[in-house]
Amino acid sequence: MGPVDRWLIIEEGRNPSTDYFILPFLQKLGVSWERAGFNDYPLYENIKNTKFIFVRYIPRKWQSLIDKNGAKIPEVYFFIDDDLFDWQAFLTMPIRYQTKIIRYSWSKQSWLKSIGAKLLVSTPYLQGKYTDWNPELLHAKSLKIERDNSLSIFYHGSASHLDDIRWLKPIVSEVLKQNSRLTFEVIGGSGVNRLFNDIPRVQVLHPMKWPTYISLLKKPGRSIGLAPLLDKPFNRARSHTKFFDITQSGAVGIYAAGDIYGRIVRHLENGLLLPMKPSLWIDGILQLAEDEALRENLLVEAKKCL
């Protein structure tokens with residue numbers, strides 16, 4: 001391989017297309033690569049003698065970059081693992097998805113041909129359908145996902161707890177940043193999903209009926225439950241039943257200090273009872289995450305209250 005064998009992967013974000021197809025392809029070539037998102041715009045000197053691979057979509061500003069500096073870019077590739085070039089193939093998809101495909105993929109065919117781009121495909125079907133492109137067939141390779149020792153923190157509030165969920169966001173963001181073992185699970189709809197969309201290692205569960213939620217609590221894997229309560233009129237009528245939910249799930253809880261959880265939680269005996277100050281909750285979560293013995297002792301005492 002020559003000195004120009006440096007590759008740049010342009011992708012909307014981390015995705016299975018890149019992980020299953022593109023990375024194994026580049027690993028097999030034995031070349032170096034970098035990954036760039038739609039909004040990562042390189043400096044001119046960083047693209048010289050770099051081969052580009054667009055994964056499924058081509059943003060306009062990246063297209064413009066190649067048009068302006070094409071002489072410096074030895075090769076451009078476009079990878080598809082769905083039929084993004086045939087309007088009839090995605091005609092039954094949701095309108096929003098159709099619009100995205102048309103804007104970032106389907107409409108780029110003439111441009112790709114005009115610059116001599118090479119097509120990479122995921123299946124023999126696509127390879128056969130687009131023979132005029134002389135596409136290269138890539139083979140999927142399994143990810144090497146090592147089981148880790150992650151700890152799940154969670155907040156299971158309903159739609160009426162949206163203010164508490166918003167209050168938790170910066171806390172969750174900070175603890176996940178400081179401790180890579182931690183993940184966060186929250187229940188909510190599309191609004192909650194958008195709220196946490198910019199934070200990695202967050203799973204948003206759809207709201208569910210009570211019997212389904214009980215089944216969820218029976219499954220292992222949760223370590224630290226959160227039960228904040230902002231001082232608002234609606235919250236003043238709450239009960240302390242989240243203590244039961246958290247404990248039944250096998251987790252240790254961090255609870256808002258005050259009359260509601262103070263009825264059952266004894267600080268550092270069967271849980272953490274903290275004022276609603278974000279810095280204290282950040283410290284409390286990180287403390288529990290690092291101290292397995294403390295978590296075990298608190299859980300033993302909490303179970304005595306069930």
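The values are calculated or read from the model by the stated rules, or taken from the named source; none is laboratory data. What you see is a predicted model; the values in this text were computed from it and never measured. Cβ: placed from backbone, ideal geometry, glycine included. Neighbour counts: every protein chain shown. Note: areas computed on protein heavy atoms with side chains; ligands, DNA, RNA excluded. Shrake-Rupley method; radii C 1.70, N 1.55, O 1.52, S 1.80 Å.
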Point to revise | Rounded to whole Hz, the Karplus (6.51, -1.76, 1.60) HN-Hα couplings of the range 293-306, x for glycine and proline | key: 4, 4, 4, 5, 5, 5, 5, 4, 5, 5, 5, 5, 8, 6
Practice item. Please list the non-local residues whose amide H lies under 5 Å from the amide H of Leu151, H modeled 1.01 Å from N, same-chain partners needing a gap of 5 or more. Key: Leu182, Thr183
Review point. What FRET efficiency do you get for Ser190 and Phe234 if R0 is 22 Å and r is their Cβ-Cβ distance, rounded to the nearest 0.05?
Key: 0.50
**Study point:** Total charge dipole magnitude, the chain, about the Cα centre, Cβ charges on Lys, Arg, Asp, Glu only, Debye to nearest 20
**Key:** 480
Study note, to complete from the structure: Gln178 and Asp19 label points (each 7 Å along its Cα→Cβ direction) are spaced in nm at 2.8
Revision key, fill the gap. Any residue on another chain or 5+ positions along whose placed amide H is under 5 Å from the amide H of Leu205 is listed here as Val186, Ile187, Gly188
Point to revise | Carbon + sulfur, % of accessible area of the range 208-285 - ligands and nucleic acids excluded, 1.4 Å | key: 58
Exercise for review: Apply 1/(1 + (r/R0)^6) to the Cβ-Cβ distance of Thr212 and Asn39, taking R0 = 45 Å, and write down the FRET efficiency to the nearest 0.05.
Suggested key: 0.75
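How much accessible area per residue does the chain have, in Å², with a 1.4 Å probe? Don't skip to the answer; put the middle values down first.
Details: 16740 Å² over 306 residues.
That works out to 55 Å² per residue.
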Exercise for review: Extending each Cα 7 Å along its Cβ direction at Asn49 and Lys141, get the distance between those two points in nm, one decimal.
Suggested key: 2.5
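What percent does the relative contact order of the range 121-215 come to when contacts are Cα pairs within less than 8 Å and at least six residues apart?
On the way: 92 pairs, mean separation 21.6, N = 95.
Computed over the range 121-215, the figure is 23 percent.
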Practice item. Could you please state how large a percent of the accessible area of the range 29-124 is carbon and sulfur, counting protein chains only and using a 1.4 Å probe? Key: 52
Review point. For the chain, what relative contact order do you get, as a whole percent, if you take Cα pairs closer than 8 Å and at least 6 residues apart?
Key: 11
Review point. Going by alpha carbons, how many degrees (0 to 90, nearest 10) lie between the helix axis of 162-178 and the longest principal axis of the chain?
Key: 70
**Study point:** Karplus (6.51, -1.76, 1.60) ³J(HN,Hα), θ = phi - 60°, over the range 104-113, in Hz, Gly and Pro reported as x
**Key:** 9, 10, 4, 6, 9, 4, 5, 4, 4, 5
Exercise for review: Only bridges with both residues in the chain count here: give the DSSP antiparallel percent, nearest 5.
Suggested key: 0
Review point. If r is the Cβ-Cβ distance from Lys129 to Arg60 and R0 is 30 Å, what FRET efficiency results, to the nearest 0.05?
Key: 0.70
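If each residue of separation counts as 0.36 nm, what is the full-extension length gain between Ala71 and Lys219 once their alpha-carbon separation is subtracted?
Values: separation 148, 0.36 × 148 = 53.28 nm, distance 5.68 nm.
Stretched out fully, the Ala71 to Lys219 stretch lengthens by 47.6 nm.
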Review point. Between the range 178-208 and the range 11-67, what's the alpha-carbon centroid distance in Å?
Key: 27
Check your understanding: So who's got an amide H within less than 5 Å of the one on Trp33, skipping anything under 5 residues away but keeping other chains? H placed 1.01 Å off N, in plane.
Key -> Trp7
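Take the alpha carbon gyration tensor of the range 226-306, find the square roots of its eigenvalues, order them as a ≥ b ≥ c, and report rounded if a/c is under 1.5; if not, report prolate when a/b exceeds b/c, else oblate.
On the way: a/c = 2.18, a/b = 1.28, b/c = 1.71.
It comes out oblate by the Cα gyration axes.
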Check your understanding: Got a sec to turn the phi values of the range 206-219 into Karplus ³J(HN,Hα) couplings, 6.51 cos²θ - 1.76 cosθ + 1.60 with θ = phi - 60°, whole Hz, x for Gly and Pro?
Key -> 5, x, 9, 5, 4, x, 5, 5, 4, 4, 4, 5, 6, 7
